[in-house]
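Below is one structure, written out as structure tokens, with a few remarks after it.
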There are 2 protein chains.
Amino acid sequence: MTLSVRAIAEASKRASRNLASSSPERRIESIRVASKLIEQDRLSLLESNAQDLADARHMLDSGEITAASFERLGLTDKKLAEMTHSMLAVAELPDPLGRVLQRTELDVNLELEKITCPLGVLAVIFESRPDAVTQISALGLKSANAVILKAGREVERTASALVTIIRQALKNSGLPEDSVNLVTGRESIQQLLGMSDMVDMVIPRGSKQLVEFVKANTRIPVLGHAEGVCHIYVDAAADPDMALAIIDDSKTDYPAACNAAETVLVHEQIAGSFLPRLVEWLGSRNVILRGCEKTRAILAGQPVEAVADAEWATEYSDLVLAVRVVRSMDEAIEHIHAYGSSHTETIVTQDPIAAERFLARVDAAGVFHNASSRFADGYRYGFGAEVGISTSKLHARGPVGLDGLTTYKYVLRGSGQLARNYQGPNARPFTHRRLPTDSRHN
Amino acid sequence: MTLSVRAIAEASKRASRNLASSSPERRIESIRVASKLIEQDRLSLLESNAQDLADARHMLDSGEITAASFERLGLTDKKLAEMTHSMLAVAELPDPLGRVLQRTELDVNLELEKITCPLGVLAVIFESRPDAVTQISALGLKSANAVILKAGREVERTASALVTIIRQALKNSGLPEDSVNLVTGRESIQQLLGMSDMVDMVIPRGSKQLVEFVKANTRIPVLGHAEGVCHIYVDAAADPDMALAIIDDSKTDYPAACNAAETVLVHEQIAGSFLPRLVEWLGSRNVILRGCEKTRAILAGQPVEAVADAEWATEYSDLVLAVRVVRSMDEAIEHIHAYGSSHTETIVTQDPIAAERFLARVDAAGVFHNASSRFADGYRYGFGAEVGISTSKLHARGPVGLDGLTTYKYVLRGSGQLARNYQGPNARPFTHRRLPTDSRHN
């Protein structure tokens, strides 16, 4: 790439304006063509990837990348098939654009519509995974957003080969090639993060460190979460068998996931009978328990280490679980608000009144009753695709589907109306009548 | 105030958690009580205001505040009546909380709801206007958000007297007094802007300089717009009489408003006949025209100054209008995207196809056909109250009503389901059935 990052961003902005008024059929077509070309160019993609892997092996040896990064880098026939399959699945999703969110008659022949439209330009900063290129490009095209991809050095050749193919598909489908752009080099990150006039959203895909770096270095809205410190509150009225199964699933199904549980809060009324069963169950699953003073007293004789105060806010991302005995649901909620990351908080109880109280009072993106915290996920929620998970409260919260890549605009259709006729002593009244929408979603 | 800004913010956060689970009736009651107490304490409020005014007179003389600021500061019986009337109107609005935005059955007895809830803590930084205190407090209480008010020095005594009354009303209604707090002093602004862990949204209410300062100095989401550079595009197929009337209303109804027009773009096919009428009409309304080369050629002999390139992006906020002749709608749209602020853009035309093309292609919070740009306003849109106008694309765009002070959370109600049973070779399938909502809005 000889163009400057700024010039690429400007080209992306122009492309985004064309994309915004392109037909959904044409954008779907471009995703299908890209998927087909990727299958056709399989061998040359694997070759580019092999070169990346060879270099990455040295980066691994010198500690520049982690073993996990290295593992995620490799392409195989199977992986490529999964990638094109995911692209086609995104193409088939319902169109997120042009949805009428609200319709209001302001007066006769003066009608206001609130309709969804694309954000504009997305900058995606990712590490290792080649599937980030195909997934984000498909999501961008489906939602008519231009995409600027910034690939980590370890995956540059693979990313470049994929982007070349996708741009060919765009050209073949009569869409602007600059709908998908690739930038490289460490310094391009800072440049992208500084272009709030060109970039409408930044999506970091990678380590917690990357997400934190991006959040701390831009005023552009960031879609991404750095932490998931999720709690399971076992109420006095919990079914202990259900509580054990939910804790097990929430902790051990995939401990590195952000929706895995880190802390269990147990009501003191059942702690005496429940904790010995918990320690036995989790012991058989190789989960290490840490506990508050009361937990350790109840489990005297068991090797349960104490939890330091700051540790309650830790995302272990491992087979480690902190346990605290609480005197009441209020104390549990206070703990959650003090140490949680507002990601997903669960109550296990057979008492529907306690459940509803917990669901209403806890401030988090997800509040669950009698279900594993692992359900906090775009696919499981039924979004078809997951763009990311957000612990921000604005724009999008929790698992984010295609809708998270849209904004809306107000369309007003009149017949020459003037605002001044609707004010003052002889003001014409507004009707402000809510009209039905034929929105597919609510 | 002897408490630190940090301590006040922490108290606000705690109060916000209580507010979030309070009943709508109790919050409405607190607004009504506050309105009644303000009426009762009329005389002492006027006295506090008189002291502010006396000091502000000196600040005006020394140039510390503007004449416009000074004018907005004064309270009268009429003004107080308007303030309490507005509070009661906010109390009567539909409840923005607990609305079910989406309901999905994930599986039997596993149901997901997306429901609206408060943001948390709002920091409102305002100048001069005492009615900012009552309006924002009422909006905050209605939406169950705690509010931290930072008043300009010129209005400190008045704001303090009003906040004391509102906190009394909160106490009388059994709600936490810290739902509404006041901080003072210039340094408290920087402190508030730095507390992204406590403050969920910043709302600047005042000069363009204030809004720009706030936006440049915080990572907390800001609800506010700095500029409105709005265009009227007069298409080849425009009804010239309608175009004149719409331009007149958009420019002269309230030139200082952000939704006033700054530039008129005229299709070259009708420029020859339209521009002489425009200059005559606007001359009679004391509007000064500035023009591009073609405009000046057509209006040769008229005193139309040239527009420098950078000037096309200027918000005149005055009886000045820039005029440019364009060869096509495409050129008009390019101009709008290059110089506009994505606030409100209008096309005047009798050609429905041209209109729909403009509405689809222009990227702005509001796109209007045959209507004055001045309709871009929360009250006119039928929101009941306007919290602000946003030219940001995320969270809230355009005029923002009470809904802009809410976020949502996902509530999942299960019966012991585990995520691991829904994956792998024998995965139980999700039903992902969209269920009806009884949502009042769409």
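No value in this document is a laboratory result; all are computed from the given coordinates. As the structure is a prediction and not an experimental result, all values here were calculated from the model. Here the Cβ is made from the backbone with ideal geometry for all residues, glycine too, and neighbour counts use every protein chain on show.
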Pairs beyond 19 Å (Cα-Cα), from A:393/B:409; A:409/B:215; A:13/A:171; A:294/B:13; A:150/A:208: A:409/B:215; A:294/B:13
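Quick one: what do you get for segment B:230-381 if you divide its Cα Rg by 2.2 N^0.38 Å? Could the numbers behind the result be given before it?
Details: Rg = 13.8 Å, N = 152, 2.2 N^0.38 = 14.8 Å.
That ratio works out to 0.93.
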Between segment B:262-302 and segment B:378-442, the Cα center-to-center distance that results, in Å: 48
I need the P(r) histogram for chain A: all alpha carbon pairs, bin width 10 Å from 0 out to the longest distance, whole percents. 4, 18, 24, 21, 18, 11, 3, 1, 0
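Mind putting a number on the dipole of the protein assembly as shown about its Cα centre? Charges go on the C-beta only, +1 for Lys and Arg and -1 for Asp and Glu, and I need it in Debye to the nearest 20.
Values: 98 positive and 112 negative charges, 136 e Å.
Taking the Cα centre of the protein assembly as shown as origin, the dipole is about 660 debye.
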Treat every Asp and Glu Cβ in segment B:232-297 as -1 and every Lys and Arg Cβ as +1, leave all other atoms uncharged, and give the resulting dipole magnitude about the Cα centre to the nearest 20 debye. 280
With at most 12 other Cβ atoms within 10 Å, longest stretch of chain B clear of loop trypsin sites (Lys or Arg not before Pro) (DSSP): B:1-185
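By DSSP, what percent of the beta bridges with both residues in chain B are antiparallel, rounded to the nearest 5?
Working: 20 of 60 bridges.
Here the antiparallel bridges make up roughly 35 percent for chain B.
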Taking each label point as 7 Å beyond Cα in the direction of the beta carbon, state the distances from residue A:172 to the same residue in the other copies, shortest first, in nm. 7.4
What is the sum of charges, Lys and Arg at +1 and Asp and Glu at -1, for the other residues whose Cβ falls under 14 Å from the Cβ of residue A:168? -1
Each residue of B:110-116 has, on average, a number of other protein chain C-beta atoms within 10 Å of its C-beta equal to 3
Out of B:261, B:359, B:337, whose Cα points farthest toward the positive end of the dipole of segment B:230-381 (charges: +1 Lys, Arg; -1 Asp, Glu; placed on Cβ)? B:261
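What's the FRET efficiency of residue A:207 with residue B:212 using the Cβ-Cβ distance as r and R₀ = 25 Å, to the nearest 0.05? Write out the running numbers ahead of the final one.
Details: r = 35 Å, r/R0 = 1.38.
My answer for the efficiency is 0.15.
If you take each beta carbon of peptide B:372-378 and count the beta carbons of other chains within 10 angstrom, what is the mean? The partial results should precede the final answer.
Working: counts 9, 2, 6, 12, 3, 2, 0.
Counting Cβ atoms of other protein chains within 10 Å of each residue's Cβ and averaging gives 5.
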DSSP-defined antiparallel bridges as percent of all bridges, the protein assembly as shown, nearest 5: 30
How big, in percent, is the set of alpha carbon pairs in the protein assembly as shown lying more than 43 Å apart? 37
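Given N residues in segment B:5-216, what is Rg(Cα) / (2.2 N^0.38 Å)? If you can, show how the numbers build up before the last one.
Numbers: Rg = 18.4 Å, N = 212, 2.2 N^0.38 = 16.8 Å.
Against the compact-globule rule of thumb, the ratio is 1.09.
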Per the charge dipole of segment B:6-59 (beta-carbon charges, Lys/Arg positive, Asp/Glu negative, Cα centre), the residue among B:8, B:51, B:23 reaching farthest to the positive end is B:23
To the nearest 20 Debye, how big is the dipole of segment B:5-216 about its Cα centre, given +1 on the beta carbon of each Lys and Arg and -1 on that of each Asp and Glu? 60
Could you point to the residue in B:402, B:424, B:388 farthest towards the positive end of segment B:376-430's charge dipole, with +1 and -1 charges on the Cβ of Lys/Arg and Asp/Glu respectively? B:424
Measuring from label point to label point, each 7 Å out along Cα→Cβ, what is the residue A:313 to residue B:431 span in nm? 4.2
